[in-house]
Amino acid sequence: MKTQLLQSNNDGINTAADLLKKGEVVGIPTETVYGLAADAMNVDAIKKIYEAKGRPSDNPLIVHISRFEELEGLVTNIPENAKLLADKFWPGPLTMIFERKDTVPKEVAPKLNTVAVRMPSHPVARAIIEASGSPLAAPSANLSGSPSPTTALHVMNDMDGRIPAVLDGGECDVGVESTVLFVASGKPRLLRPGGITVEQIEEVIGEIDIDPSVVSDIFTENVASPGMKYKHYSPKAKVIVVDAKDNDFALYVNRFENEESIYALCFDEDIDRLNIPYLAVGSKYAQGDYAKALFSALRDLDDKGAKIIYAHCPEKTGIGLAVYNRLIRAAAFKVVTPKPYCILGLTGTTGAGKSTLSEYFKSLGGYIIDCDIIAREIIDKKDIIEKLVSAFGNVLENGKVSRKALAKVAFSTKENTELLNGITHPAIIDEIKAKLKSRENLKSGLTVIDAPLLFEAKLETLCDVTLAVTASKDIRLNRIMKRDNMDKETALLRMNVQNDDIIYSQKATYTVLNEGGKEELISATNEIINDIGVIINGK
Ligand code: TXA
Ligand code: MG
């Protein structure tokens with residue numbers, strides 16, 4: 001099938017209307033995004049939409065009308081709220097969900113007894129509905145899963161060869177899809193934020209409910225808006241939403257300046273601070289600009305060969321909520337929140353590679369609080385010496401605690417180890433707190449609490465995030481024997497007083513498996529650092 005690109009003059013509109021009357025699918029402009037339209041009262045035509053789009057057929061369609069009277073032919077009743085909203089926002093980017101009349105093919109909303117209806121404001125959309133003589137079912141005219149089209153060219157790129165025609169009506173004004181509001185029964189509920197904002201709606205009918213899926217990936221058993229459960233709007237590039245204040249965005253993404261094919265999707269205000277390639281979507285104070293540019297920008301960045309797109313998160317109010325909703329779906333819900341100041345708890349079993357990581361964090365400019373060193377210093381303190389002697393007998397050598405003698409008794413049984421911890425941990429914690437306090441007024445930087453017993457000593461409560469480094473028992477055993485020049489028996493003894501790796505990985509926010517070389521460990525750790533969003537040394 002060859003796809004014709006029709007101009008939006010009389011000829012074009014008539015050709016498109018003829019195709020629609022024959023039960024064909026046509027790409028049409030609306031003020032939000034382009035739609036893939038077909039006669040909503042013709043079952044075969046509806047099926048062609050699902051085919052052309054490659055869309056799961058349980059995902060319901062919006063029916064587009066051009067006059068209010070057409071609504072009565074589609075729905076069993078029109079609640080008062082819906083009348084008020086239609087009066088105010090139709091024609092325009094608001095879709096409302098009503099109880100469906102039996103005369104409407106169930107294929108527009110399979111498995112549901114409702115129908116979504118909207119009256120677009122785009123003059124070409126209205127003209128084509130009029131000329132075709134029937135309400136038009138139309139999803140966004142993208143291939144299922146990819147960004148919605150906001151120009152006829154986008155539709156051609158996705159649909160060429162799949163549908164007979166696309167009607168060119170220029171660039172869409174709004175840029176994100178209509179707001180979807182459930183009004184069929186009960187309190188009106190927002191299922192999808194869009195061109196008409198929550199604030200605008202509430203001004204007319206008072207408070208509405210917001211479906212949890214609008215801002216998260218939580219879906220109730222009976223998904224209210226089936227379309228929202230699929231991965232959506234995704235370009236080929238991986239998208240990561242960066243929820244950052246002002247210049248934290250630039251500070252965060254600039255760490256990728258030496259990497260290839262990483263782009264920022266950003267505000268005009270970010271540009272001067274960025275060291276990586278970018279596509280700006282307008283001022284952060286003009287939320288509508290982001291909406292208008294979003295989908296087109298995602299497609300453009302794909303064309304540029306972007307591998308990863310870091311998108312600056314908009315304010316989640318007004319039409320910004322719609323942008324946010326689309327972005328988190330494009331990102332498969334991956335949102336990073338940059339942290340200018342972060343306390344990271346680093347832990348892991350002996351031989352797993354904790355020290356290597358600690359050194360790495362130091363090389364990045366991190367401030368390391370090494371609990372082993374603190375523990376060593378603490379046993380030289382008078383009150384601790386007394387407690388240790390009363391618990392373990394004479395573990396002294398020349399008036400000082402002999403680490404060897406202490407280790408021998410203290411690690412001989414689990415009970416003794418606990419006894420030792422009971423004496424040393426409180427003192428260690430006090431020391432850590434003192435060190436943290438001295439850094440309290442810092443506005444940026446990474447502090448690492450390097451602690452083998454991070455969880456046992458409940459130090460995680462002092463941390464923003466925790467990272468456990470793990471490796472299999474055999475690998476650790478070999479490392480310890482080599483590193484500390486230990487025989488197998490002593491090394492095993494040392495390992496056995498610790499918890500299993502699994503405990504660490506269950507408790508930690510992040511786990512890194514260290515069974516390969518140092519380079520692999522560092523690269524896996526870098527990914528974690530990126531995910532945590534910590535800004536190290538202004539990078
Ligand atoms: O702006 C728009 O609404 C565009 C233009 C073309 O009008 N259309 C559009 O359609 O975005 P589509 O199919 O891409 O998205 C329709 C959304 C989906 O999330 C779908 O699940 C939901 O509306 N929806 C449609 N009918 C529904 C119904 N009866 N109940 C609940 N959700 C429904
Ligand atoms: Mg869509």
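I need the strands (runs of 3 or more DSSP E) fully contained in region 153-210, keeping only those with at least 2 residues that are at pLDDT 95 or above and within 16 Å of ligand 2 (Cβ to nearest atom).
Numbers: elements: 165-168, 179-182, 189-192.
Where strands (runs of 3 or more DSSP E) fall fully within region 153-210 and carry at least 2 residues being at pLDDT 95 or above and within 16 Å of ligand 2 (Cβ to nearest atom), they are 179-182, 189-192.
Please specify each residue of region 129-147 satisfying the condition of being outside any loop (DSSP other than H, G, I, E, B) and away from ligand 1 (no atom under 12 Å from the Cβ). Full working, then the answer.
In the first step, residues of region 129-147 are kept if they are outside any loop (DSSP other than H, G, I, E, B); the result is 129-132, 136-137, 140.
Glu130, Ala131, Ser132, listed by residue number.
Among the numbered criteria (1) in contact with a Cys (Cβ under 7 Å, 6 or more places away or on another chain); (2) of a type in the set (Gly, Ala, Ser); (3) at pLDDT below 85, which single criterion is violated by Ser444?
Result: Ser444 fails condition (1) only.
So is Thr32 of a type in the set (Val, Ile, Thr) and part of a loop (DSSP other than H, G, I, E, B) or not? Outline the logic, then answer.
Details: of a type in the set (Val, Ile, Thr): yes; part of a loop (DSSP other than H, G, I, E, B): yes.
Answer is yes for this residue.
Checking Thr350 against (1) of a type in the set (Val, Ile, Thr); (2) modelled with pLDDT under 90; (3) more than 15 Å from Val497 (Cβ to Cβ): exactly one of these is not met. Which one?
Of (1) of a type in the set (Val, Ile, Thr); (2) modelled with pLDDT under 90; (3) more than 15 Å from Val497 (Cβ to Cβ), only one is false for Thr350: (3).
Mind checking whether some residue in region 357-368 is surrounded by fewer than 19 Cβ atoms within 10 Å (Cβ to Cβ), of a type in the set (A, V, I, L, M), assigned by TED's automatic domain parsing to the domain that holds Pro426 and within 40 Å of the chain's Cα centre (by Cα)?
For region 357-368, residues surrounded by fewer than 19 Cβ atoms within 10 Å (Cβ to Cβ), of a type in the set (A, V, I, L, M), assigned by TED's automatic domain parsing to the domain that holds Pro426 and within 40 Å of the chain's Cα centre (by Cα): present.
Can you give me the ranges of the strands (runs of 3 or more DSSP E) entirely in region 231-309 with at least 2 residues that are modelled with pLDDT of 95 or more and out of contact with any Cys (no Cβ under 9 Å at 6 or more places or on another chain)?
Values: elements: 238-242, 262-266, 278-280.
Ranges flagged: 238-242, 262-266.
Considering each of Val281, Val239, Val323, Val253 in turn, give the residue that is β-branched (Val, Ile, Thr), crowded, with 22+ Cβ neighbours inside 10 Å and within 16 Å of ligand 2 (Cβ to nearest atom).
Val323
Quick one: in region 265-276, of everything that is closer than 30 Å to Asp211 by Cα and out of contact with any Lys or Arg (no Cβ under 6 Å at 6 or more places or on another chain), which residue is surrounded by the fewest Cβ atoms within 10 Å (Cβ to Cβ)?
Taking region 265-276 and keeping what is closer than 30 Å to Asp211 by Cα, we get 265-267.
With the extra rule that they be out of contact with any Lys or Arg (no Cβ under 6 Å at 6 or more places or on another chain), the set shrinks to 265-266.
Values: Leu265: 29, Cys266: 26.
If we take residues in region 265-276 being closer than 30 Å to Asp211 by Cα and out of contact with any Lys or Arg (no Cβ under 6 Å at 6 or more places or on another chain), then Cys266 is surrounded by the fewest Cβ atoms within 10 Å (Cβ to Cβ).
What is the residue count in region 174-187 for residues that are of a type in the set (D, E, K, R) and within 11 Å of ligand 1 (Cβ to nearest atom)? Can you show your working first?
First, pick out the residues of region 174-187 that are of a type in the set (D, E, K, R): 177, 187.
Narrowing further to those that are within 11 Å of ligand 1 (Cβ to nearest atom): 177.
Within region 174-187, residues that are of a type in the set (D, E, K, R) and within 11 Å of ligand 1 (Cβ to nearest atom) number 1.
From the list Thr103, Thr32, Thr95, which one is crowded, with 22+ Cβ neighbours inside 10 Å, β-branched (Val, Ile, Thr) and farther than 13 Å from Ala137 by Cβ?
On the way: Thr103 fails: crowded, with 22+ Cβ neighbours inside 10 Å; Thr95 fails: farther than 13 Å from Ala137 by Cβ.
The conditions single out Thr32.
Return the pairs, sorted by first residue and then second, in which the second residue is in a loop (DSSP other than H, G, I, E, B) and within 16 Å of ligand 2 (Cβ to nearest atom), the first residue lies in region 59-81 and is touching a residue at least 40 places away in the same chain (Cβ under 8 Å) and of a type outside the set (S, T, N, Q), the beta carbons are less than 6 Å apart, and the residues are 6+ apart or on different chains.
The qualifying pairs are Pro60/Ala109; Leu61/Pro139; His64/Pro120; His64/Ala138.
Only one of Ile128, Ile65 is of a type in the set (A, V, I, L, M, F, W, C) and more than 37 Å from the chain's Cα centre (by Cα). Can you tell me which? Can you show your working first?
Working: Ile65 fails: more than 37 Å from the chain's Cα centre (by Cα).
Among Ile128, Ile65, only Ile128 is of a type in the set (A, V, I, L, M, F, W, C) and more than 37 Å from the chain's Cα centre (by Cα).
Restricting attention to region 358-417, which residues are part of a strand (DSSP E or B) and free of Cβ contacts under 8 Å to residues at least 12 places away in the same chain?
First pass over region 358-417, keeping only residues part of a strand (DSSP E or B): 367-370, 396-397, 400-401.
Correct list: Leu396, Glu397.
Out of (1) of a type in the set (D, E, K, R); (2) free of Cβ contacts under 8 Å to residues at least 60 places away in the same chain; (3) farther than 19 Å from Asp500 by Cα, the odd one out for Lys473 is which?
(3)
Within 18 Å of Glu171 (Cβ to Cβ) and within 15 Å of ligand 2 (Cβ to nearest atom) - does that describe any residue in region 10-28?
Applying the first criterion (within 18 Å of Glu171 (Cβ to Cβ)) to region 10-28 yields 12, 27-28.
From the residues that got through so far, the ones that are within 15 Å of ligand 2 (Cβ to nearest atom) too are 27-28.
Yes.
Just for region 495-510: of the residues that are closer than 16 Å to Ser472 by Cα and assigned to a helix (DSSP H, G or I), which one is modelled with the highest pLDDT?
Ranking the candidates gives Gln506 first.
Quick check: anything in region 38-59 assigned to a loop (DSSP other than H, G, I, E, B), at pLDDT 95 or above, within 9 Å of ligand 1 (Cβ to nearest atom) and closer than 30 Å to Glu207 by Cα? Don't jump to the end; show me each part of the working.
As a first pass, look at region 38-59 and keep what is assigned to a loop (DSSP other than H, G, I, E, B): 40-42, 54-59.
The next check asks that each one be at pLDDT 95 or above; those that pass are 40-42.
Remaining after also requiring within 9 Å of ligand 1 (Cβ to nearest atom): none.
No - not one qualifying residue is present in region 38-59.
Among the residues of region 511-527, are any assigned to a loop (DSSP other than H, G, I, E, B) and closer than 25 Å to Lys339 by Cα?
Kept after step one, since they are assigned to a loop (DSSP other than H, G, I, E, B), are these residues of region 511-527: 514-517.
With the extra rule that they be closer than 25 Å to Lys339 by Cα, the set shrinks to none.
Within region 511-527, not a single residue is assigned to a loop (DSSP other than H, G, I, E, B) and closer than 25 Å to Lys339 by Cα.
Being surrounded by 16 or more Cβ atoms within 10 Å (Cβ to Cβ), closer than 30 Å to Ser523 by Cβ and among the β-branched types (Val, Ile, Thr) narrows it down to one of Ile379, Ile429, Ile449, so name that one.
Details: Ile379 fails: closer than 30 Å to Ser523 by Cβ; Ile429 fails: closer than 30 Å to Ser523 by Cβ.
Only one candidate passes the filter, namely Ile449.
Table: residues versus (1) more than 20 Å from Thr511 (Cβ to Cβ); (2) of a type in the set (Ser, Thr, Tyr); (3) touching a helix residue (DSSP H, G or I) at 6+ places or on another chain (Cβ under 7 Å); (4) in the same structural domain as Ile503 (by TED's automatic domain parsing).
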{"site": "Glu440", "(1), (2), (3), (4)": "yes, no, no, yes"}
{"site": "Val448", "(1), (2), (3), (4)": "no, no, yes, yes"}
{"site": "Phe455", "(1), (2), (3), (4)": "no, no, yes, yes"}
{"site": "Lys458", "(1), (2), (3), (4)": "no, no, no, yes"}
{"site": "Thr461", "(1), (2), (3), (4)": "no, yes, no, yes"}
{"site": "Thr466", "(1), (2), (3), (4)": "no, yes, yes, yes"}
{"site": "Met481", "(1), (2), (3), (4)": "yes, no, yes, yes"}
{"site": "Asp484", "(1), (2), (3), (4)": "yes, no, no, yes"}
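Exactly one of (1) touching a residue at least 24 places away in the same chain (Cβ under 8 Å); (2) at positive phi is unmet by Gly282. Its number?
With respect to (1) touching a residue at least 24 places away in the same chain (Cβ under 8 Å); (2) at positive phi, Gly282 is out only on (1).
If Arg126 satisfies all but one of (1) more than 18 Å from Lys53 (Cβ to Cβ); (2) surrounded by fewer than 24 Cβ atoms within 10 Å (Cβ to Cβ); (3) touching a strand residue (DSSP E or B) at 6+ places or on another chain (Cβ under 6 Å), what's the number of the condition it fails?
(3)
The values are calculated or read from the model by the stated rules, or taken from the named source; none is laboratory data. Because the structure is a prediction, the values reported are computed rather than measured. Ideal geometry is used to build each Cβ from the backbone, glycine not excepted, and the neighbour counts take in all protein chains shown.
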